[in-house]
Amino acid sequence: MSVAVEAPRRRRDVLEERSVLAPVLIAPAVIFIAVLVAGPLLLAIYLSLTDATAGSLHGHWVGLDNYREAWNSPIFRRALRNTILFTVISQIVVLVSAGLLAHALLKSFRGKWLLRFFILLPWATPIALGTIGFLWIFDSLFGVFNWTLVHDVLPGSHAFYPYKAVNWLLARPALPDWLEISPIDPNNPPQWLGDSTLAMAAIIAVHAWRIIPFATVIFLAGLASMPPEIDDAAKVDGATGFRKFLYVTLPLQLPIATVALLFGIVFTATDMTVVFILTHGGPFNSTQMLTTWAFDTGITSGNLGLGAAISLYLLPILAIVAILMLRFARRVEVS
Amino acid sequence: MKDTRPRVDISKASDDVTRRELLRRAGMGALVLAYGASGAKTAVAGVTRFAGRELSGTLKILQWSHFVPAYDKWFDGTYIKDWGQKNDVQVTVDHVNLAELPARGAAEVAAQSGHDLFQFLAPPASYEDSVLDLRDIVQEVTKKLGPMTRVAQRSSYNPRTKKYFGWPDNYVPDPVHWRSDYWQETGRGPNSWEDLRQAAAKLKSIGHPIGIGMSQELDSNMAMIALMQCHGAYIQNEEARVVINSKQTRNALKTMRDIFKRGMTDEVFAWQAASNNQAYVAGRLSLALNAVSIARTLEGPPWVVTPARPDIGDVTHINPIPKGPVQRLGLEHVMGVYVIWKFAQNKAAAKQFLVDMQLNYTPHFQNSGFYNFPGWSNGVKGGFKAMHRLTAQDKHRPLGKYTILTTIAQKYTANVGYPGYSNAAIDEVWNKFLIPQMFAQVAQGKMTPADAASAADREIKQIFASWRTKKKI
Amino acid sequence: MLAALREKGPAYLVVGPFAILLAFPFYWMLMTALKSDGDLYNVENVPYKFNQGSPTFANVEFLFRHTKYLQWLENTAIVGVLVVIITLILSLPAGYALARLSGRWGQSVGIGIFLTYLVPPTLLFLPMSRVIAELGLQDKLMSLVLVYPSFTVPFSTWLLMGFFRTIPIELEDAAMVDGASRVRTLVSVVFPVSLPGILTVVIFTFSLVVNEFVYAITFITTSSERTVSAGVPTELIRGDVFYWGALMAATLIPAIPLALLYNLFLDRFIAGFTGGAFR
């Protein structure tokens, strides 16, 4: 009986504590971020509404002119499309790969430590340098992929040229036409950074390469933090395999997975390092992203107002996506 | 580093009180020093003592990591130390990668602090509002050396605002490198674009194609604009009106498409700035357009760390840009333009540094391996004739191959935006790679020459309109 | 034996190919870094072997002798450690409060924190460089220490929020029933249990610091104050000449120890759980 009386009072104490404690705990982070990001962000928004240049941050008010001007450029629209394409595809690749990897890495097997080390390597590499590494791998003359494709890779007399195998595959009529892949000419091998489709693929691949380890670690951490009781309970209920994944693991992982995905999206859509170093938007500006296009316009060319407008185009879209996803995660979690 | 603050305050104070006075004195100092530099050696001590009273504090310079590491070593280790000692100024130099320059420049303007001297590698016309008008020292040096070269003048002056927004200390001629052994088989030399067109197929068939980039990088940009000029096609006219949608542009596009189809491979769309150097140095290409970095790379140390390749170097010749149906006219490869920020803390020292460097440019010319040509040709005493003599002394084979550089620098080098000035709009066209884009789309058969030219015209006109409303052109 | 294979086969089938794909570039960097220039720039050579005899350490030597590589590594480590500390100090309490203590307004604050992360850094560096200059931090390592938490804190806060939510509330209630205050519960019960989350944040923050590029090149130009990401391209890409061998060595050298470290972290936090934090 006495416990029942005491419980509400204790809860009230906690409640009182909460309204004080929560703001106290949150305040430092909020203040820090507000000072460092909110201020500059407001300035960036202001710049996008002026005709400021890199040489003079005080421009005249031009309203939405910059947004209109940006939209009028075909390259901008291509960049917008590329950004969305690039983000969506690379995130799908990352989610699937990281999901598979995290589940596989939960098991223990011989050599796991070494394999996991290999998988973590990309995440331990400064991306600017890692991308330079890919620049070398995709090099127009010394690129190792192309060398491997067009040379006899079997030592001895059995001549096996990988490109012949690829061409045989490409000749299958089942492939859709829009793929636009022509057979490989050993004297003019595919230019991974010089063909618009291949260059997009290369950018997506490098980005996936870079994010997969990070997503795997987050998933792994999420899975590891699942209390074993839940596992036991699931076993008792007879949920195994895919059913268990769908009804037990997934809902529990959703908050973390959502955050990982969201950050993946933001990271992909707002980071320009990979594209900038790998193709610089080439060939013929066909792989420009909003970030690189904004940089080339606002910083390199000094048309700051316009550059700010270009870079902010995505902000409302991202914000809506983010809020929807966060709400969704919340609802799933509550139910 | 520790004691910059008080110095800063001093210079700020003097700046506020008598900026004009300071400029006047700096000019005088420069003048006197100029006499010292060009005159008898005994005068130096007296002059520097005078200059030493005028200048003080630190001078912070930012410039690119030069293609020739040895140049940076000499500049950082010897040149600025000597100059600093003579002038009682502590000089520091920071180097950044050439691709990082615009971002850092914009950051310094936003921060309203940074270096006193900032070297861009393309005319930074869009920074005009944040930099000093250098008319006074331009006139000072012009009085001593005669007028600066046309390419330098058009890369540092804005006729609309009548302002010298930068100091064009050097420009880099952009020759053609070609292999006489491969070209022999075609029975021609790369004298005209027609020669290239005719020889292309043969060169490709022997496995050594022509290498002219159509990619998102500097070399491609410059090669394509040069090709346009040779056909009489320009981005803008002298009054900064867009004139790209012309018959001449379409002709240039057709020429390039032909050369590509006959004698090049897809690699040229994938290139970054280093690729044509690498492909040439690997012995693959029969021709490439680049600054002398190719020839110097083949010579190995001290220019670069890679070993020398005399087998290729000895059959590598340097030519001016091929002649087109209208003329022979290339572009500068890079244009070194220093600016002095309005917020620079040691403007007097910065100005004098520029003046002194320009008045005796010979060591810069030599230490850079004839990469840097002076904005005022008389900066090397004796002008182009003297430079010709210096280049003739180079011992690398084929002997005398560098002498043509002087001719190229004198006759066949235009500024970006020729026949107009290098303005902010031209800079944006350049930075967005719109010209290589136009050529690549035609070469790949994605667009007809007419469509590509008019698409480029639309995009470029919008850029010009944007800068015109900003009252910069 | 066969049963074991059936049990573990799929894991190998998944992890093996991924390991090869993800690690191949590093194998290639190693090959490139150990080759002499003469070997590297010859199209006739088979790239998979050393055509001029044995591997050379000339590129690595160049890196350490002729550049400030060691200094850059040190700088990167300093920035990384400091930013990790700052990030934890700010985001641990915030993440917990958002997960447990706050109601509706807390949710809005949380989303607000997240939204700041959406701002593209492409242009943010301009106004930030003003802040840096006002504080007198231009060209100093501390500028990065100050700025990096602006993107590590939002992420870490959200990540930790997610982790805290997966901790059964009964655990805390039990501690509080035992008479512990909420802050005490936080420190002695919640934080230890959330070690996996915390370690993830540490790994994440550190790697983000190592990765960052735009701020690193724009805030600092003094060579001795640069981080690896910014210093290496400046010294090893000269105009249109890339020093590929040295570039690859420079990439590989920090990657290997860091990946080892991350791997150890992973072991630690998985062990932390199976070791019985809940039992």
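Computed quantities for the displayed model
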read-out	value
Residue, modelled with the highest pLDDT, within segment C:162-194, restricted to residues that are within 9 Å of chain A (Cβ to nearest Cβ), surrounded by 17 or more Cβ atoms within 10 Å (Cβ to Cβ) and farther than 17 Å from A:L25 by Cβ	C:V193
A:I323 vs. criteria of a type in the set (V, I, T) and within 30 Å of C:L160 (Cα to Cα)	yes
Test result for B:N378, under 26 Å from C:E235 (Cα atoms), of a type in the set (S, T, N, Q) and buried (at least 19 other Cβ atoms within 10 Å of the Cβ)	no
Those residues of segment B:95-121 which are among the small types (G, A, S), within 21 Å of the chain's Cα centre (by Cα) and crowded, with 24+ Cβ neighbours inside 10 Å, in sequence order	B:G105, B:A106
Test for C:G80: is it modelled with pLDDT under 85 and either touching a strand residue (DSSP E or B) at 6+ places or on another chain (Cβ under 9 Å) or more than 30 Å from A:S140 (Cβ to Cβ) (or both)	no
Members of segment A:119-147 found to be over 20 Å from the mean Cα position of the chain (by Cα) and under 15 Å from C:L30 (Cβ atoms), listed by number	A:W136, A:I137, A:V144
Residue list for segment B:285-322, filter: of a type in the set (S, T, Y) and more than 9 Å from chain C (Cβ to nearest Cβ)	B:S286, B:T316
Those residues of segment A:269-297 which are in a loop (DSSP other than H, G, I, E, B) and under 23 Å from B:A443 (Cα atoms), in sequence order	A:T279, A:H280, A:G281, A:G282, A:P283, A:F284, A:N285, A:S286, A:T287, A:Q288
When residues of segment A:35-83 are limited to those that are among the hydroxyl-bearing types (S, T, Y) and touching an Asp or Glu at 6+ places or on another chain (Cβ under 8 Å), the one nearest to A:T297 (Cα to Cα)	A:T53
B:S215 part of a loop (DSSP other than H, G, I, E, B), surrounded by 17 or more Cβ atoms within 10 Å (Cβ to Cβ) and small (G, A, S)	yes
Of all residues in segment C:91-121 being facing chain A (nearest Cβ under 8 Å), within 12 Å of C:V153 (Cβ to Cβ) and of a type outside the set (A, V, I, L, M, F, W, C), the one that is surrounded by the fewest Cβ atoms within 10 Å (Cβ to Cβ)	C:T116
Residue match in segment C:69-76 (condition: free of Cβ contacts under 8 Å to residues at least 24 places away in the same chain and in a helix (DSSP H, G or I))	yes
Residue tally, condition within 27 Å of C:L264 (Cβ to Cβ) and β-branched (V, I, T), over segment C:159-201	9
Breaking point among (1) touching a residue at least 40 places away in the same chain (Cβ under 8 Å); (2) buried (at least 19 other Cβ atoms within 10 Å of the Cβ), for B:S180	(2)
Criterion (in contact (Cβ under 8 Å) with a residue 24 or more places away in the chain and under 18 Å from the mean Cα position of the chain (by Cα)) met by exactly one of B:S466, B:S454, B:S422	B:S422
Any hit, segment C:68-78, residues being surrounded by fewer than 22 Cβ atoms within 10 Å (Cβ to Cβ), basic (K, R), closer than 20 Å to C:L34 by Cβ and away from chain A (no Cβ under 14 Å)	no
Selection within segment A:83-101 - over 15 Å from A:F267 (Cα atoms) and either without any contact (Cβ under 8 Å) to a residue 24 or more places away in the chain or buried (at least 21 other Cβ atoms within 10 Å of the Cβ) (or both)	A:V96, A:S97, A:A98, A:L100, A:L101
Residues that are part of a loop (DSSP other than H, G, I, E, B) and either facing chain B (nearest Cβ under 9 Å) or under 14 Å from C:L82 (Cβ atoms) (or both), drawn from segment C:132-151	C:G136, C:L137, C:Q138, C:D139, C:K140, C:Y148
Residue that is farthest from B:R197 (Cα to Cα) [pool: residues in segment B:262-279 that are more than 7 Å from chain A (Cβ to nearest Cβ), outside any loop (DSSP other than H, G, I, E, B) and not small (G, A, S)]	B:N277
Residue check, A:L141 free of Cβ contacts under 8 Å to residues at least 60 places away in the same chain and within 13 Å of chain B (Cβ to nearest Cβ)	yes
Out of B:V131, B:V109, sole residue that is within 14 Å of chain A (Cβ to nearest Cβ) and touching a Lys or Arg at 6+ places or on another chain (Cβ under 7 Å)	B:V131
Qualifying residue in segment A:59-67 (condition: charged (D, E, K, R), more than 14 Å from chain B (Cβ to nearest Cβ) and assigned to a helix (DSSP H, G or I))	no
Extreme residue, farthest from B:T249 (Cα to Cα), among residues of segment B:428-467 that are at pLDDT 95 or above and hydroxyl-bearing (S, T, Y)	B:T448
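The values are calculated or read from the model by the stated rules, or taken from the named source; none is laboratory data. Everything numeric here is computed off the predicted structure, so don't read it as measured data. Note that we place each Cβ from the backbone using ideal geometry, even for glycine, and neighbour counts take in every protein chain shown.
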